[in-house]
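Asker: Could you have a look at this structure, given as structure tokens, before my questions?
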């Protein structure tokens, strides 16, 4: 649509309402500059335009609103009102710790069983592993058996002695044969307290065994000594685990016993603290 | 929309909305009630109202409230306004041109009056006015032009009479 004599009034109205494009505006201004009559008409239209006038709404305070006034409080804002918001965050952390410890325990168990299956395999490429784990494995689960078995062995050997000795010694001299009986009985009696104490001394047992079988045959005496020494060795290794600088083996990983104990202590302390906090 | 944004809207638009209504209905108390209702609705719907369109939302609500109010009261009819605001042009001093224009505007029908107020006071374009008053852009344009020419004629008549 072009500006002409018929539609100029419409253009003037759009001009005062600021609804024209820049080019249309320029065209209207050009017309007004060249035509004073039309400029007068524009002035008449501008005269009926309302001029900005300030009217105040006097009671604005009645319009103001705040979230606290709302009955259904915003949940985010509600949270900030509670003191326990921090405590709840802590509880979440504790839960996380439980999960962590649980997962660690699961890993530890799986490693333990993994080691067990490895040990059960007949051929191992690492001799150190066999040396370290095999004795523990053989001793610990069968602790009672390993202790009892040698006793049985000694008893059986002494029984044999009892059975055999009269046959051997009967002919040369009866006195010696009679004397062996209480001595052997004393040996078997002495063996049990020594084993139970688990502080077996090699020299003591050796002398005792020697004294017990003075009159016995040399071959039987040797066999009993060897059995006793075996027991002593096995027990000695078990006792040795109480050393301060003990080492824990998990698979082929060597762990410092003291450090491990320190970690467990800290964990215990942490759980105790959490418990007390929870109770509070 | 937060409560802070809402209260900012009160500071920014309460005067404008009130001016628009009070110039239309010429009744301060009723205008105040309409403004209160408009802001009440804004507060209720603050989460759904587009923050950019808060002003036009307020004017839209206020305008429709005003239309309802006019229908209910039946006080502010065109003829009534014309009768109450009719002045003898002979006794109208020249310097009171502004008052003459305002009175002439009061002789317009409520729709025309609202169109002129939204255009001249608030500076809305035709499209925005159409959205507030539920009219098409071309309707707004035609109604405003008609109102302007009507006012111009009235004013020239008054000026001629006073001269």
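Asker: Sort B:40-46, B:17-23 by the packing proxy (mean of other Cβ within 10 Å over each peptide's residues), most packed first.
Answerer: B:17-23, B:40-46
Asker: Each label point is 7 Å from the Cα along the Cα-to-Cβ direction; what then is the distance between the points at residue B:149 and residue B:53, in nm?
Answerer: In this crude label model, residue B:149 to residue B:53 measures out at 3.3 nm.
Asker: Once label points are set 7 Å from the Cα along Cα→Cβ at both residue B:73 and residue A:66, what is their separation, rounded to one decimal in nm?
Answerer: According to this spin-label approximation, the distance is 3.4 nm.
Asker: Can you pull a Stokes-Einstein diffusion coefficient for segment B:1-77 at 20 °C (1.002 mPa s), Rh from Kirkwood over Cα pairs, as a whole number of µm²/s?
Answerer: Rounded to a whole number, D works out at 171 µm²/s.
Asker: Helix B:97-106: angle to the longest alpha-carbon principal axis of chain B, degrees 0 to 90, nearest 10?
Answerer: The angle comes out near 70 degrees.
Asker: Rounded to the nearest 500 deg cm²/dmol, what is the calculated helix-only ellipticity per residue at 222 nm for chain B, with -39500 (n - 2.57) per DSSP H run of length n ≥ 4?
Answerer: -25000 deg cm²/dmol
Asker: How high is the FRET efficiency from residue B:136 to residue A:7, r the C-beta distance, R0 22 Å, rounded to 0.05?
Answerer: The formula returns an efficiency of 0.60 here.
Asker: Within 10 Å of each Cβ in A:10-18, how many Cβ atoms from other chains are there, averaged over the peptide?
Answerer: Going residue by residue through A:10-18 and averaging, the value is 4.
Asker: By how many degrees, between 0 and 90 and to the nearest 10, does the Cα long axis of helix B:28-44 differ from the longest principal axis of chain B?
Answerer: Orientation of helix B:28-44: about 30 degrees from the principal axis.
Asker: Which value, to two decimals, describes the C-alpha radius of gyration of chain B once divided by 2.2 N^0.38 Å?
Answerer: Computed over Cα atoms of chain B, the ratio equals 1.13.
Asker: Further question: May I ask you to order A:38-44, A:100-106 by the average number of other C-beta atoms within 10 Å around their residues, highest value first?
Answerer: A:38-44, A:100-106
Asker: For the pair residue B:96 and residue B:125, how long in nm is the line joining their label points, each one 7 Å along Cα→Cβ?
Answerer: 4.0 nm
Asker: For the modelled label position 7 Å from the Cα of residue A:97 along Cα-to-Cβ, which residues of segment A:261-280 have backbone nitrogen atoms closer than 17 Å?
Answerer: Label zone hits: A:262-280.
Asker: Inside 10 Å of the C-beta atoms of B:113-122, what's the mean count of C-beta atoms belonging to other chains?
Answerer: Mean number of neighbouring Cβ atoms from other chains: 2.
Asker: Moving on to the next point. Ratio to report: Rg/Rh of segment B:88-163, with Cα atoms as the point set and Rh obtained by the Kirkwood method; give two decimals.
Answerer: On the Cα set of segment B:88-163, Rg over Rh gives 1.06.
Asker: Still on this model: Enter the mean number of other protein chain beta carbons within 10 Å of the beta carbon of each residue in A:40-51, as an integer.
Answerer: If you average over the peptide's residues, the count of other-chain Cβ atoms is 5.
Read-outs: derived from the displayed coordinates by stated rules, not from any lab. Source: prediction; values computed, not measured. Here the Cβ is made from the backbone with ideal geometry for all residues, glycine too, and neighbour counts use every protein chain on show.
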